[in-house]
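Since the structure comes first, as structure tokens, the remarks are kept for the end.
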Amino acid sequence: MGAGPSPYPSPRERGEGGTRDPRIKSGEGGEGRVLAGGQSLIAMMNLRLASPGLLIDIARLPELTGASDDADAVTLGACITHAAIEDGRMPDPSRGLMPRVAASLAYRAIRNRGTIGGSLALSDPAAEWPAVLTALDAEVAVRGPNGQRSLKCAGFTTGIFETQLAPEEIIESVRIPKLSVDARWGYVKLCRKAGEFANALAVAIAERGRGHCRVVLGVANGAPLVLDQTSQLISNGGRDDLRSAVVADLDRASDRHFDEFQCNLHTAAAMRAVQQVLQ
């Protein structure tokens, strides 16, 4: 996540009573909240937007801080920090994309504590990981009283600060398919200065060997937005109609209610990300 307040109103500010983080009842009858890196929850508590009766720190659970590397994918524990990804202390299935993204998140002090699972659980529309993991076709494993289930990151975020997490579930890990040697990626984050939340964010993946080409926008007034026509364009290797494809995808997303300024920013970000792939 970026530093400072998000440009999107929090669930409490919208009158929805908090994020979809897992919660329990504390012994005093108050609401308990799970804490990983705390880089979002603690800030909300400082602003009196959240006031849990109990904090449950899961940051040092070994089951949530490890990584596994198999032939096809890398699985990262939910409590792996942005800094660990940035520094290459974890296997990288993305051929450089994830360390590049991690290095662009906020500031080093925040990256030392903030976690990949925490970013997904909060699903701030301005956050980087939901869009990036959607582009990479990753899956998130969640666990609750009824056991474990696996969900595609492409559908995990359902709205502004809203996910498919049930109230008593937590994110356990993220499974990310490995990009092949011929895969290409593009990443563009537009913000006023380094460390801030993005005003526009675009991720492009082109891996024609397994038929995976996807362009995704973050900061999209809701869940990450997959640009289908633009994704098809890079799948075919075209570039002449790039602007038309991006504009057509944004026009179809009328439910996002982008104003003219947002449309221009998203178009610029998407085109730059795709051009990185096609160059």
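Give me a count of the residues in the stretch 182-218 that are aliphatic (A, V, I, L, M), open to solvent by 10 Å² or more (accessible area, probe 1.4 Å) and part of a loop (DSSP other than H, G, I, E, B).
Counting residues in the stretch 182-218 that are aliphatic (A, V, I, L, M), open to solvent by 10 Å² or more (accessible area, probe 1.4 Å) and part of a loop (DSSP other than H, G, I, E, B) gives 2.
Being open to solvent by 20 Å² or more (accessible area, probe 1.4 Å), in a loop (DSSP other than H, G, I, E, B) and farther than 24 Å from His212 by Cβ narrows it down to one of Leu49, Leu55, so name that one.
None of the others qualify; the one that does is Leu49.
Of the conditions (1) at pLDDT below 95; (2) within 19 Å of the chain's Cα centre (by Cα), Arg192 fails just one. Which one is it?
Just one mismatch for Arg192, condition (2).
What are the pairs, 6+ residues apart or on separate chains, where a residue within the stretch 39-66 that is without any contact (Cβ under 8 Å) to a residue 12 or more places away in the chain has its Cβ under 8 Å from a residue that is among the hydroxyl-bearing types (Ser, Thr, Tyr)?
Close Cβ pairs satisfying both conditions: Met45/Ser51.
Hey, can you tell me all the residues within the stretch 132-167 that are of a type in the set (Gly, Ala, Ser) and under 13 Å from Ile116 (Cβ atoms)?
Ala138, Ala141
For the stretch 83-125, what are the residues that are farther than 15 Å from Val174 by Cα, β-branched (Val, Ile, Thr) and open to solvent by less than 30 Å² (accessible area, probe 1.4 Å)?
Across the stretch 83-125, the qualifying residue is only Val101.
Could you name every one of the helices (runs of 4 or more DSSP H) located completely within the stretch 63-156 that has at least 3 residues being basic (Lys, Arg) and on the phi < 0 side of the Ramachandran plot? Quick ask: steps written out before the conclusion?
Values: elements: 82-86, 97-103, 108-113, 116-122, 129-135, 153-156.
Here the list reads 108-113.
Specify which of the listed residues (Arg100, Arg108, Arg60) is closer than 26 Å to Arg192 by Cα and more than 16 Å from the chain's Cα centre (by Cα).
Numbers: Arg100 fails: more than 16 Å from the chain's Cα centre (by Cα); Arg60 fails: closer than 26 Å to Arg192 by Cα.
Result of the check over Arg100, Arg108, Arg60: Arg108.
Scan the stretch 134-141 and give yes if some residue there is open to solvent by less than 10 Å² (accessible area, probe 1.4 Å) and more than 17 Å from Ala78 (Cα to Cα), otherwise no.
Within the stretch 134-141 (the criterion being open to solvent by less than 10 Å² (accessible area, probe 1.4 Å) and more than 17 Å from Ala78 (Cα to Cα)), the answer is yes, since at least one residue qualifies.
Considering every residue within the stretch 67-82, establish whether at least one is touching a residue at least 40 places away in the same chain (Cβ under 8 Å), open to solvent by 40 Å² or more (accessible area, probe 1.4 Å), among the acidic types (Asp, Glu) and more than 21 Å from Ala183 (Cα to Cα).
Within the stretch 67-82 (the criterion being touching a residue at least 40 places away in the same chain (Cβ under 8 Å), open to solvent by 40 Å² or more (accessible area, probe 1.4 Å), among the acidic types (Asp, Glu) and more than 21 Å from Ala183 (Cα to Cα)), the answer is no, since none of the residues qualifies.
Quick check on the stretch 241-252. Is at least one of its residues of a type in the set (Gly, Ala, Ser), part of a loop (DSSP other than H, G, I, E, B) and open to solvent by less than 50 Å² (accessible area, probe 1.4 Å)?
no
The values are calculated or read from the model by the stated rules, or taken from the named source; none is laboratory data. Values in this document were obtained by computation on a predicted structure and should not be read as measured data. Every residue, glycine as well, gets a Cβ built from its backbone with ideal geometry; the counts of neighbours run over all protein chains shown. Protein only, heavy atoms only, side chains kept; ligands, DNA and RNA dropped before computing areas. Shrake-Rupley method; radii C 1.70, N 1.55, O 1.52, S 1.80 Å.
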